[in-house]
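Report on one structure; see the data block that follows.
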Amino acid sequence: MRLALVCFALGYAASLEAGQCIAHSGPNTTALVELYTSEGCSSCPPADRWLSSLAERGYVPQRVVPIALHVDYGDYIGWKDPYAKRDFSLRQRKLTQLQRLALVYTPQVLVQGHDFRGWGTAAFDEAVAKINAGPARARLSLEIVSMKSDALAVRATAEVLDAREREAASLYLAVYENRLESQVTRGENRGRRLAHDHVVLEWHGPIAFAEPRLAAERLLPLLPKAVPANSGLVGFVQNRRSAEVLQALMLPACP
């Protein structure tokens with residue numbers, strides 16, 4: 001585990017020396033972990049804390065890319081989640097339909113695009129180890145070209161290694177922010193101060209592969225009072241038909 005942390009630090013330093021904020025995916029598969037959550041859900045804070053703890057447990061970005069997608073259907077309980085988006089609710093429903101599940105729920109964890117209910121157990125460690133042992137089926141590069149107080153200008157390139165998988169593959173890009181907090185005054189979590197990390201603020205996708213190698217540039221907005229240094233970029237390639245994630249990559253904002 002210590003070796004993995006050292007390798008990550010060295011790679012990050014090389015990016016800074018080159019005057020760029022850039023990351024490249026490796027030869028093995030990185031696991032995408034999606035948490036569907038809501039501030040209106042009383043059972044969600046433990047899952048939020050679990051997602052925030054992954055880095056402390058040694059899950060560096062080469063192993064796991066965690067994102068928190070706040071859904072809006074929990075707002076009816078009495079508290080409007082300031083980070084919720086309709087697009088995230090629609091994505092959750094679509095992935096649920098692809099897997100022929102009966103309903104959507106929070107908190108829900110997806111690993112590599114599939115429902116994973118053992119997220120707080122040793123089963124998660126085993127699943128991630130198995131994913132990481134597999135060869136990457138796509139290549140990704142992410143770059144934060146410029147960082148302003150209200151947006152990140154980003155550039156991404158992606159390539160699906162097996163031509164047979166290219167037709168159903170798409171690239172997704174998301175900007176996230178860490179260290180967000182809310183003082184909840186209504187609903188199931190009334191009186192609680194909630195903390196969040198890896199909160200997706202803006203989402204672009206699916207971007208289809210018209211050519212073997214896809215290139216995309218986007219301006220991704222941040223929150224009105226965002227701390228750019230707490231932000232970053234996530235990209236992943238996913239099969240639209242099976243929901244399987246071929247590769248994922250995270251790029252924290254460079255100092």
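Being surrounded by fewer than 24 Cβ atoms within 10 Å (Cβ to Cβ) and either under 14 Å from the mean Cα position of the chain (by Cα) or not hydrophobic (A, V, I, L, M, F, W, C) (or both) is the filter here; which residues of the stretch 235-245 pass it?
239, 240, 241, 242, 244
Taking the stretch 48-69 on its own, how many of its residues are out of contact with any strand residue (DSSP E or B) (no Cβ under 6 Å at 6 or more places or on another chain) and of a type outside the set (Val, Ile, Thr)?
Selection size over the stretch 48-69: 11.
Taking the stretch 121-133 as the region of interest, how many residues are of a type outside the set (A, V, I, L, M, F, W, C), surrounded by 12 or more Cβ atoms within 10 Å (Cβ to Cβ) and either in contact with a strand residue (DSSP E or B) (Cβ under 7 Å, 6 or more places away or on another chain) or farther than 16 Å from residue 65 by Cα (or both)?
1
Restricting to the stretch 154-202, give me the number of residues that are free of Cβ contacts under 8 Å to residues at least 24 places away in the same chain and of a type in the set (Gly, Ala, Ser).
So the count comes out to 1.
Take the residues in the stretch 94-104 that are free of Cβ contacts under 8 Å to residues at least 40 places away in the same chain and part of a loop (DSSP other than H, G, I, E, B), then tell me which one is surrounded by the most Cβ atoms within 10 Å (Cβ to Cβ).
101
If only one of 233, 223 is more than 23 Å from residue 127 (Cα to Cα) and modelled with pLDDT of 95 or more, which one is it?
From the options 233, 223, the qualifying one is 233.
Quick check on this structure: which one of 229, 248 is open to solvent by 10 Å² or more (accessible area, probe 1.4 Å) and under 20 Å from residue 53 (Cα atoms)?
Being open to solvent by 10 Å² or more (accessible area, probe 1.4 Å) and under 20 Å from residue 53 (Cα atoms) holds for just one of 229, 248, which is 229.
How many residues, within the stretch 203-218, are over 19 Å from residue 86 (Cβ atoms) and touching a residue at least 12 places away in the same chain (Cβ under 8 Å)?
The number of residues fulfilling the criteria is 10.
Please work out which one of (1) surrounded by 13 or more Cβ atoms within 10 Å (Cβ to Cβ); (2) among the β-branched types (Val, Ile, Thr); (3) free of Cβ contacts under 8 Å to residues at least 12 places away in the same chain is the condition residue 109 fails and give its number.
Every condition holds for residue 109 apart from (3).
Kindly indicate the residue of the stretch 31-69 that is within 14 Å of residue 132 (Cβ to Cβ), touching a helix residue (DSSP H, G or I) at 6+ places or on another chain (Cβ under 8 Å) and not in a strand (DSSP E or B) and also most open to solvent (accessible area, probe 1.4 Å) among those meeting that condition.
Step by step, filter the stretch 31-69, then rank; the result is 62.
How about the stretch 139-207: which strands (runs of 3 or more DSSP E) wholly inside it have at least 3 residues that are within 24 Å of residue 244 (Cα to Cα) and open to solvent by less than 10 Å² (accessible area, probe 1.4 Å)?
It comes to 151-160, 169-177.
The values are calculated or read from the model by the stated rules, or taken from the named source; none is laboratory data. For clarity, every value in this text was computed on a predicted model and none was experimentally measured. Counting neighbours? That spans all protein chains shown, and the Cβs are built from the backbone with ideal geometry, glycine included. Side chains are part of the model used for accessible areas, which takes the heavy atoms of the whole protein and leaves out ligands, DNA and RNA. Shrake-Rupley method; radii C 1.70, N 1.55, O 1.52, S 1.80 Å.
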